[in-house]
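Visitor: To start, I am sharing the structure in question, which I have written as structure tokens.
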Amino acid sequence: MANSSNHIPLLSQPHYDDDSSQSPHIQTPSLDSIIENSIGNISWAQSLQPILVSLAWFFDAQQTFISIFADDQPSSNCNNISSSSSDYSWPWNLPQHTSTISEWGLQCAGSILTSLPESAFFTGCLIGGFVLATIADSWLGRKKMLCFTCLAMAISTLLTAFANNLWTYSALRLICGFSRSTISTSALVLSTELVGKQWRGQVGVIGYFCYTLGFLSLPAIAYVNIGSTWRNLYLYTSIPTIAYSIIVYFFVFESPRWLFIKGEIEEGIDILKKMANKANYESTISISYLSFEEEKWNVNLYSSIKILIKKKWALQRLSTIMAIGFGVGLVYYGMPLALGNLAFNNLYLSVTLNALSEFPASLIAFFFIANLNRRTPILVFCIISGICSIMSVVKEVKRYTKTLQIGVELVSFFSACSAFNILLIYTIELFPTCVRNSAVSMVRQAIVVGGVFSPVLAAAGRGDGFVSYGVFGVVIMCFGLFVLYLPETKGRTICDTMDEEEYKLSNTCT
């Protein structure tokens with residue numbers, strides 16, 4: 001662990017932030033200037049690192065939405081039951097083993113029981129997010145946390161394929177949710193910290209593309225698996241995830257920013273040298289001296305959460321953006337699960353269309369994130385999503401045509417996806433490096449809380465679509481308004497410590 005008296009060779013000509021010379025807190029080159037000097041101009045070889053990290057989103061998406069097909073409710077009539085003694089059977093359209101609902105006779109069990117596995121999954125996400133939220137900041141780091149959670153998710157997914165009843169199945173889904181709770185957070189933070197600020201937004205969006213591809217892979221896998229057991233879905237998605245976890249462990253670098261914050265300066269410098277493109281390689285290995293002092297409060301597991309709560313400005317930002325996250329999460333996770341409630345009755349096609357709608361949302365973020373404000377698009381997309389969600393279950397729309405209904409639903413889901421994408425990048429820019437992973441994790445927690453309620457609303461909406469889509473619309477519009485209480489971060493220099501952030505805040509206020 002480094003202290004203030006240790007001097008390590010780093011850069012011969014460090015670049016300082018414009019206001020760093022005036023700050024009483026910054027007497028050495030900022031991490032941002034070091035990153036920019038070393039790897040600011042991203043090369044093709046260097047871009048492979050964030051791309052490889054972002055692939056974690058692909059496997060995360062598969063486990064998030066796999067229940068759409070594994071827990072599909074086959075077409076049948078609960079009032080048309082043939083009985084023989086105490087045995088009951090329903091006229092299934094497919095073999096019983098194609099769905100957990102049909103295999104375990106849950107067709108008429110009620111919304112609470114049929115939504116239990118997916119609610120357990122999101123509950124696991126919620127618990128795991130609180131338990132694991134700060135480990136990537138305080139102990140394991142971004143890379144090891146990503147490897148551990150991906151591997152744990154893969155193993156629990158593999159075991160799920162052998163579940164023999166609803167309760168075992170739900171317990172394993174809870175463990176899976178617990179394991180994957182910080183995957184996307186760790187991947188997003190690590191990928192953006194491996195590049196300079198010029199590419200931060202674009203690199204962050206790569207994860208969204210991978211997530212969309214993961215979502216899109218599900219209807220393809222399920223279609224190939226028609227008539228086969230639902231267990232195959234878990235087998236087909238678990239084995240590649242195990243292989244990916246091993247690849248990340250051996251080929252991905254740890255975040256230099258996190259290593260500097262934790263005092264592992266020599267390792268951080270070594271990674272910067274390995275990642276530097278040829279144009280900057282000579283200046284990177286040239287000798288100068290950097291004195292870097294680890295923040296004294298960042299010494300135990302939950303200190304980053306404590307500091308977020310203690311600082312009034314940080315608590316205000318965190319609570320506000322978490323409220324927005326709840327509204328967005330309810331719609332983002334709920335809409336795909338509630339697709340069976342719409343008159344458009346081709347589940348494979350409707351899920352595919354929803355997955356495809358994430359591509360334009362990701363493209364908007366990728367190409368325009370450098371020029372987009374953060375607050376205005378989030379507000380606009382939340383309002384559009386809410387209005388269209390309510391319109392999708394208005395009787396006049398349903399009577400007109402099924403195509404119009406699914407079209408309005410797609411606009412709503414697209415808008416929720418766009419708000420989701422910008423929201424996470426916005427969160428990264430609102431908080432400094434020392435607490436960034438924890439802050440993003442807490443926002444993800446709020447999103448997951450919305451996910452906990454979405455399966456119940458989706459199941460309850462089978463009789464009345466307004467119970468699902470109507471509630472989705474009202475919630476996302478109301479909570480989207482909270483963005484008006486947050487500062488704009490477009491074009492702002494990323495901070496590494498709480499002191500830097502407070503200094504910038506005080507200068508802005510004055």
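Visitor: Between 191, 186, 179, 170, which is in a helix (DSSP H, G or I) and either touching a strand residue (DSSP E or B) at 6+ places or on another chain (Cβ under 8 Å) or more than 18 Å from residue 249 (Cβ to Cβ) (or both)?
Guide: 170
Visitor: I would also like to ask the following. Show the residue pairs that are 6+ apart or on different chains and have beta-carbon atoms under 9 Å apart, the first residue being within the range 206-231 and basic (Lys, Arg), the second being open to solvent by less than 10 Å² (accessible area, probe 1.4 Å).
Guide: What qualifies is 231/70; 231/160; 231/161; 231/163.
Visitor: Go through the range 165-210 and give me each residue that's over 17 Å from residue 47 (Cβ atoms), of a type outside the set (Gly, Ala, Ser) and open to solvent by less than 10 Å² (accessible area, probe 1.4 Å). Break it down stepwise before answering.
Guide: Taking the range 165-210 as the starting set, the residues that turn out to be over 17 Å from residue 47 (Cβ atoms) are 165-186, 189.
Then keep just the ones that are of a type outside the set (Gly, Ala, Ser); that gives 165-169, 172-176, 178, 180, 182-183, 185, 189.
Matches in the range 165-210: 169, 173, 176, 180, 182, 183, 185, 189.
Visitor: Could you grab me the full set of residues in the range 362-380 that are at pLDDT below 80, open to solvent by 20 Å² or more (accessible area, probe 1.4 Å) and either among the β-branched types (Val, Ile, Thr) or in a helix (DSSP H, G or I) (or both)?
Guide: 366, 367, 368 - these are the residues of the range 362-380 that are at pLDDT below 80, open to solvent by 20 Å² or more (accessible area, probe 1.4 Å) and either among the β-branched types (Val, Ile, Thr) or in a helix (DSSP H, G or I) (or both).
Yes or no, residue by residue, for (1) hydrophobic (A, V, I, L, M, F, W, C); (2) on the phi > 0 side of the Ramachandran plot; (3) in contact (Cβ under 8 Å) with a residue 40 or more places away in the chain; (4) surrounded by 24 or more Cβ atoms within 10 Å (Cβ to Cβ):
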position: 434; (1), (2), (3), (4): yes, no, yes, yes
position: 459; (1), (2), (3), (4): yes, no, yes, yes
position: 478; (1), (2), (3), (4): yes, no, yes, no
position: 487; (1), (2), (3), (4): no, no, yes, no
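Visitor: Hey, another quick one. Being in a loop (DSSP other than H, G, I, E, B) and open to solvent by 10 Å² or more (accessible area, probe 1.4 Å) is the filter here; which residues of the range 317-343 pass it?
Guide: Once the filter is applied, which keeps residues that are in a loop (DSSP other than H, G, I, E, B) and open to solvent by 10 Å² or more (accessible area, probe 1.4 Å), the range 317-343 yields 342, 343.
Visitor: Could you identify the single residue in 252, 224 that is on the phi < 0 side of the Ramachandran plot and touching a helix residue (DSSP H, G or I) at 6+ places or on another chain (Cβ under 6 Å)?
Guide: That would be 252, the only listed residue that is on the phi < 0 side of the Ramachandran plot and touching a helix residue (DSSP H, G or I) at 6+ places or on another chain (Cβ under 6 Å).
Visitor: Tell me the residue from 338, 355, 365, 323 that is small (Gly, Ala, Ser) and touching a Gly at 6+ places or on another chain (Cβ under 7 Å), please.
Guide: Just a single option satisfies the conditions, and that option is 338.
Visitor: Which one is modelled with the highest pLDDT, of the residues in the range 255-270 that are surrounded by fewer than 20 Cβ atoms within 10 Å (Cβ to Cβ) and under 24 Å from residue 438 (Cβ atoms)?
Guide: Step one: list which residues in the range 255-270 are surrounded by fewer than 20 Cβ atoms within 10 Å (Cβ to Cβ), which gives 263-264, 266-267, 270.
So of that shortlist, the ones also under 24 Å from residue 438 (Cβ atoms) come out as 263-264, 267.
Working: 263: 78, 264: 81, 267: 85.
Restricting to residues being surrounded by fewer than 20 Cβ atoms within 10 Å (Cβ to Cβ) and under 24 Å from residue 438 (Cβ atoms), the top hit is 267.
Visitor: Here are some conditions: (1) closer than 24 Å to residue 172 by Cβ; (2) surrounded by fewer than 23 Cβ atoms within 10 Å (Cβ to Cβ); (3) among the hydroxyl-bearing types (Ser, Thr, Tyr); (4) modelled with pLDDT of 75 or more. Residue 111 meets all but one. Which one does it not meet?
Guide: Here residue 111 meets the rest and fails (4).
Visitor: Also, quick follow-up: Considering only residues of the range 292-316 that are at pLDDT 50 or above and open to solvent by 60 Å² or more (accessible area, probe 1.4 Å), which is nearest to residue 484 (Cα to Cα)? Explain how you work it out, then say what you get.
Guide: Residues of the range 292-316 that are at pLDDT 50 or above, as a first pass: 302-316.
Imposing the further condition that a residue be open to solvent by 60 Å² or more (accessible area, probe 1.4 Å) reduces the set to 302, 306, 309-310, 312, 315-316.
Values: 302: 29, 306: 25, 309: 21, 310: 23, 312: 18, 315: 16, 316: 12 Å.
In this case the residue turns out to be 316.
Visitor: While we're here: Restricting to the range 407-419, what's the tally of residues that are of a type in the set (A, V, I, L, M, F, W, C) and open to solvent by less than 10 Å² (accessible area, probe 1.4 Å)?
Guide: 4
The values are calculated or read from the model by the stated rules, or taken from the named source; none is laboratory data. What you see is a predicted model, and the numbers here were worked out from it, not measured in a lab. Here the Cβ is made from the backbone with ideal geometry for all residues, glycine too, and neighbour counts use every protein chain on show. For accessibility, only protein heavy atoms count, side chains too; no ligands or nucleic acids. Shrake-Rupley method; radii C 1.70, N 1.55, O 1.52, S 1.80 Å.
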